[in-house]
Amino acid sequence: MTTSARQPLPPSLYADTAVERVDTPPLDVDKRVPVAIIGGGFTGLSTALHLAEQGVQAIVLEAQEPGWGASGNNGGHVNPGLKHDPDKIEADFGPELGRRMIDFAYGTTNFTFDLIRRYQIPCEARQNGTLRAAYSEAAAGGVRTTAEQCIRRGMPVRLLERDELRAITGTDRYVCAMFDSRGGDLHPLSYARGLARAAMAAGAALHGETPALSLSREGSGWRITTPRATVRADKVLLATNGFTDDLWPDLRRTIVPVFSSIAATAPLPDDVAREIMPTRSVLYESGHITVYYRIDQHNRLLMGGRGPMRWINSPADIAYLIRYAERLWPRLRGTAWTHGWNSRLAITADHYPHVHEPADDVLVSLGCNGRGVALSTAMGAQLARRLIGGAKAEIDMPISGIKPMPLHALWPVAVTATVLAGRVRDRLGI
């Protein structure tokens, strides 16, 4: 991110329970580097690590600290795939690139868990699968279609019907669900800090409290000014996602920064926790407004979904999620909810991740559309390949031009209206 004032971490469960923070002092000496990365979330950290693995030094400039934004404050779900179904991806991008995108996107979870094992990152990682569940017949049709397309391509996916699903979720809410064994969960802030440590050990430089104030061409390279020092780099990666500002012209207007909120309980009694997701898979609902949840390694229930389009600091700010949890599992009534927090993620107009090359030796990656943990981790290897190899180095995602959204200034009103309309449609089952 590129805002300037240092802010404390959001008051989340993760901030209270993460591994020790990484020492990333502000940059106070001018530097010249092969690659400068702006943004210290999963995308920037993973790219820095994969560059360092290949002997290319990168410097990461982060306005706060690694994992401060959505990377360290999301639901902790490690989900495969993209927003769109495989058949649509192939229809949109053709059989060759489309198949590569599908193989890449559905392989991101294995990539992420392999990386965690390789670097022994302590982040409570578990690969217990992802459930995409439908609670209406209208949504069930979409889930069945997605499952059929994945099964047809040989993916480790199963379609679960109501009875089996009741045993797995502890609720009779759902009509059907697609189970993908490649998914799972982790502690996102611990993971971000572990990625940062791995990147630094491999040779990358990380500097917190170092916002990028300006970016301009200087000779054959790029000049980045920060509050205390200047960075000169041969190549630049912009990885600011939901905190993208006006550092690059029009880039901010290509995404909508949507707040996603999470409420967490105190550790539940063992018998209650066993009733809720006993297999410890993660679940996200297929509806107009997504709700997602999981039980962590300490028996806490984490419920996530759309909340206010502003910062929150209490579970009372997202009481609807608590009411919904009690509807799913009546035994939760009277349970203590200890934390409520949120952060901003980036939504694109077409719901695909966006990779741009707006100038020679400048790369942009943003817009994970709610699948950021695995997707941004795996994108790090793709972006590193492109930064090293240039235009001849193909990656498994399309590279597009920057296209600002019309009427972008109205996004807060549009998001609020969309959320309200989506909740009504979900209640009506349409």
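Has the stretch 81-102 got any residue that is aliphatic (A, V, I, L, M), out of contact with any Ser or Thr (no Cβ under 8 Å at 6 or more places or on another chain), farther than 22 Å from R344 by Cα and assigned to a loop (DSSP other than H, G, I, E, B)? Reasoning before the result, please.
From the stretch 81-102, those aliphatic (A, V, I, L, M) are 82, 89, 91, 97, 101-102; that's our starting set.
Next, from what is left, pick out any that are out of contact with any Ser or Thr (no Cβ under 8 Å at 6 or more places or on another chain): 82, 89, 91, 97, 101-102.
After this cut, where a residue has to be farther than 22 Å from R344 by Cα as well, the list is 89, 91, 97, 101-102.
After this cut, where a residue has to be assigned to a loop (DSSP other than H, G, I, E, B) as well, the list is none.
No: the stretch 81-102 contains no residue that is aliphatic (A, V, I, L, M), out of contact with any Ser or Thr (no Cβ under 8 Å at 6 or more places or on another chain), farther than 22 Å from R344 by Cα and assigned to a loop (DSSP other than H, G, I, E, B).
What residue, of P66, P8, is farther than 18 Å from A229 by Cβ, assigned to a loop (DSSP other than H, G, I, E, B) and without any contact (Cβ under 8 Å) to a residue 60 or more places away in the chain? First the steps, then the outcome.
On the way: P66 fails: without any contact (Cβ under 8 Å) to a residue 60 or more places away in the chain.
Exactly one residue qualifies, and that residue is P8.
If I filter the stretch 29-50 down to residues being buried (at least 24 other Cβ atoms within 10 Å of the Cβ) and of a type in the set (A, V, I, L, M), which single residue comes out as nearest to A199 (Cα to Cα)?
Going through the stretch 29-50, the residues buried (at least 24 other Cβ atoms within 10 Å of the Cβ) turn out to be 35-50.
The next check asks that each one be of a type in the set (A, V, I, L, M); those that pass are 35-38, 45, 48-49.
On the way: V35: 14, A36: 14, I37: 12, I38: 15, L45: 7, A48: 6, L49: 4 Å.
Looking at residues that are buried (at least 24 other Cβ atoms within 10 Å of the Cβ) and of a type in the set (A, V, I, L, M), I get L49.
Would you mention how many residues in the stretch 267-310 are under 19 Å from P188 (Cα atoms) and either surrounded by 18 or more Cβ atoms within 10 Å (Cβ to Cβ) or in contact with a strand residue (DSSP E or B) (Cβ under 8 Å, 6 or more places away or on another chain) (or both)?
Filtering the stretch 267-310 for residues under 19 Å from P188 (Cα atoms) gives 267, 280-284, 291-306.
From what's left, either surrounded by 18 or more Cβ atoms within 10 Å (Cβ to Cβ) or in contact with a strand residue (DSSP E or B) (Cβ under 8 Å, 6 or more places away or on another chain) (or both): 280-284, 291-297, 300-306.
Looking only at that region, the number is 19.
Is at least one residue of the stretch 258-269 at pLDDT 95 or above, touching a Pro at 6+ places or on another chain (Cβ under 7 Å) and not in a helix (DSSP H, G or I)?
Scanning the stretch 258-269 turns up at least one residue that is at pLDDT 95 or above, touching a Pro at 6+ places or on another chain (Cβ under 7 Å) and not in a helix (DSSP H, G or I).
Just for the stretch 125-156: of the residues that are in contact (Cβ under 8 Å) with a residue 24 or more places away in the chain and among the β-branched types (V, I, T), which one is surrounded by the fewest Cβ atoms within 10 Å (Cβ to Cβ)? Steps first, please.
Residues of the stretch 125-156 in contact (Cβ under 8 Å) with a residue 24 or more places away in the chain: 125-140, 142-147, 149-150, 153, 155-156.
Those left that are additionally among the β-branched types (V, I, T): 130, 143, 145-146.
On the way: T130: 28, V143: 22, T145: 13, T146: 21.
The extreme case among them is T145.
For the stretch 196-205, state whether one or more residues are assigned to a loop (DSSP other than H, G, I, E, B), in contact with a helix residue (DSSP H, G or I) (Cβ under 9 Å, 6 or more places away or on another chain) and more than 30 Å from L165 (Cα to Cα). Talk me through it step by step, then tell me what you get.
At the first step, the residues of the stretch 196-205 found to be assigned to a loop (DSSP other than H, G, I, E, B) are 203-204.
Narrowing further to those that are in contact with a helix residue (DSSP H, G or I) (Cβ under 9 Å, 6 or more places away or on another chain): 203-204.
Among the residues that remain, those that are also more than 30 Å from L165 (Cα to Cα) are: 203-204.
Yes, because at least one residue in the stretch 196-205 is assigned to a loop (DSSP other than H, G, I, E, B), in contact with a helix residue (DSSP H, G or I) (Cβ under 9 Å, 6 or more places away or on another chain) and more than 30 Å from L165 (Cα to Cα).
Checking D87 against (1) farther than 25 Å from P122 by Cβ; (2) free of Cβ contacts under 8 Å to residues at least 24 places away in the same chain, only one condition comes out false. Which one?
All conditions pass for D87, except number (2).
Quick check on the stretch 129-148. Is at least one of its residues modelled with pLDDT of 95 or more, assigned to a strand (DSSP E or B), of a type outside the set (A, V, I, L, M, F, W, C) and within 28 Å of A264 (Cα to Cα)?
There is at least one residue in the stretch 129-148 that is modelled with pLDDT of 95 or more, assigned to a strand (DSSP E or B), of a type outside the set (A, V, I, L, M, F, W, C) and within 28 Å of A264 (Cα to Cα).
The values are calculated or read from the model by the stated rules, or taken from the named source; none is laboratory data. In this text the structure is predicted, and so the values were computed from the model without any measurement. Note that we place each Cβ from the backbone using ideal geometry, even for glycine, and neighbour counts take in every protein chain shown.
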